[in-house]
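The values are calculated or read from the model by the stated rules, or taken from the named source; none is laboratory data. In this text, all values refer to a predicted model and were calculated from it rather than measured experimentally. Note that each Cβ is placed from the backbone with ideal geometry, even for glycine, and that neighbours are counted across all protein chains shown. Keep in mind that these areas ignore ligands, DNA and RNA; they rest on the heavy atoms of the full protein, side chains included. Shrake-Rupley method; radii C 1.70, N 1.55, O 1.52, S 1.80 Å.
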Amino acid sequence: MSSVPQPQPRTQPQPWDVHRLPRAEGRSFLVTGGNAGIGYFVAEQLAGTGATVVLGSRDATKAEAALASIRSHVPGARVRHLRLDLADLASLKTSVDALGLDRLDAVVHNAGVALDDPPRRETGDGHELMFATNHLGHFVLTGRLAPLLLATPGSRIVTTGSFAAKTERLDLDDLQSTHDYRPKRTYGRSKLAQMLFGFELDRRLRAAGSTTRSVVVHPGGALDSLTPSRPPVSERTTGERLRGLPLGLLVQGKEAGAWPAVRAVLDPDVRGGQMWGPRVFGLRGRPRAEPLWDHLADTATAARLWAACHDLTGVDPASEA
Ligand SMILES: NC(=O)c1ccc[n+]([C@@H]2O[C@H](COP(=O)([O-])OP(=O)(O)OC[C@H]3O[C@@H](n4cnc5c(N)ncnc54)[C@H](OP(=O)(O)O)[C@@H]3O)[C@@H](O)[C@H]2O)c1
């Protein structure tokens with residue numbers, strides 16, 4: 001008797017489960033600032049997929065502590081350290097040369113510095129510290145990684161923005177806050193620069209016919225006091241934990257702050273040019289795609305920013321392959 005093919009039930013897309021990530025053996029990911037904070041948890045969660053995860057960190061001792069902690073939480077984790085200092089632009093080529101990978105499926109541009117008080121500080125290259133670390137460093141790193149990323153089909157560049165960028169606007173005539181330095185504003189503008197870069201990068205990748213995607217994420221509000229302990233990477237006293245509890249209604253810990261970036265790296269449904277952040281008022285909760293804030297769609301400003309950063313660094317990330 002011949003069997004008659006039966007109609008198959010339509011497979012429903014499974015909701016994304018931050019605690020049950022798809023496997024990613026054979027893939028390689030680089031996380032800047034993977035030694036601490038949100039970046040540590042991005043690295044730990046990605047390591048749990050079976051992928052190789054490289055922690056880009058300027059401090060070898062902190063990186064070793066982070067590697068040990070990941071290995072203790074993820075048996076068999078394939079993790080290692082790459083020396084990376086985003087504030088030293090010339091060093092980034094040497095760092096990428098030392099990466100020793102033949103494919104790179106994603107880089108998470110996570111590292112960041114936020115200063116609270118004046119005075120205005122500069123890197124050894126003479127750039128304002130927050131703009132240089134948060135934006136210029138990742139701009140140049142993208143260029144240095146471009147040959148590897150573009151040679152890996154479907155690779156992703158995930159850039160970490162911030163709510164702090166929502167109310168800021170760039171001053172293209174004073175990108176480095178030379179004339180009127182206010183730390184919070186300079187930080188917010190550096191995050192806005194990163195976000196505009198992430199969207200502009202995706203437009204340039206599409207125009208070039210590349211399969212590499214650029215995605216922007218933000219972690220909402222992610223506090224150390226709400227973060228699970230990972231001694232010695234992050235530790236909380238009982239008092240800190242108790243004092244932090246009421247804040248958990250509004251914001252979250254850094255392990256949850258990692259979720260949008262992890263999803264942007266792994267979820268096949270994430271598309272280039274999207275922004276992902278936490279579900280509850282953009283401040284806490286599971287990751288979801290968010291509508292872009294109006295000023296993030298300002299393509300003229302993004303193109304002028306790109307040209308200015310090319311002039312400042314001598315690197316054009318879209319032409320380095
Ligand atoms: N936490 C939040 O609520 C929040 C909200 C919005 C956006 N963000 C963004 O999320 C990202 C992570 O924030 P976080 O709260 O996890 O910060 P964090 O705990 O202060 O960690 C910052 C990380 O960046 C690294 N870093 C700083 N300067 C560097 C440099 N020159 N080269 C390489 N690495 C450098 C740090 O390394 P060292 O240990 O060596 O200093 C550390 O690993 C940042 O981009 C931040 O702007 C955070």
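Considering only the other residues whose Cβ falls under 11 Å of the Cβ of L89, what net charge follows from Lys and Arg at +1 and Asp and Glu at -1?
-1
Give me the accessible area of T61, 1.4 Å probe, in Å² rounded to the nearest 10.
110
Using the Karplus curve 6.51 cos²θ - 1.76 cosθ + 1.60 with θ = phi - 60°, work out ³J(HN,Hα) for each residue of the stretch 211-220 in order, rounded to whole Hz, and write x for Gly and Pro.
In residue order, the calculated couplings are 8, 6, 10, 10, 10, 9, 10, 9, x, x Hz.
For the stretch 28-316, with every protein chain kept in place, what is the accessible area per residue (1.4 Å probe, Å²)?
41
If packing is taken as the mean number of other Cβ atoms within 10 Å per residue, what is the order of 257-265, 202-210, highest first?
Highest to lowest by the protection proxy: 257-265, 202-210.
Considering only C-alpha atoms, what is the centroid distance from the stretch 39-105 to the stretch 141-176, in Å?
19
With the crude spin-label approximation of a point 7 Å out along Cα→Cβ, what separation in nm comes out for R279 versus A303?
Taking the two extended label points, one gets 3.9 nm.
Computing the accessible area with a 1.4 Å probe over protein heavy atoms, can you report the carbon and sulfur percentage for the stretch 229-321?
Carbon with sulfur: 54 percent of the solvent-accessible area.
Assigning unit charges at the beta carbon (Lys, Arg +1; Asp, Glu -1) and nothing else, what dipole magnitude in debye, to the nearest 20, does the stretch 28-316 show about its Cα centre?
Roughly 840 debye for the stretch 28-316.
For the stretch 231-241, in order, what is each residue's ³J(HN,Hα) by Karplus, 6.51 cos²θ - 1.76 cosθ + 1.60 with θ = phi - 60°, in whole Hz (x at glycine and Pro)?
x, x, 5, 9, 9, 10, 7, 4, x, 4, 5
Please report the carbon-and-sulfur percent of the accessible area for the stretch 80-137; probe 1.4 Å, protein heavy atoms only, DNA, RNA and ligands left out.
Reported share for carbon and sulfur atoms: 46 percent.
Let's test the formula: R0 of 41 Å, r as the Cβ-Cβ distance of R243 and Y181. What FRET efficiency results, to the nearest 0.05?
Taking R0 as 41 Å, the efficiency between R243 and Y181 is 0.80.
Of the cross-linked pairs K191/K254; K166/K191; K93/K191, which ones have a Cα-Cα span greater than 21 Å in the structure shown?
Cα-Cα > 21 Å for K93/K191; rest within.
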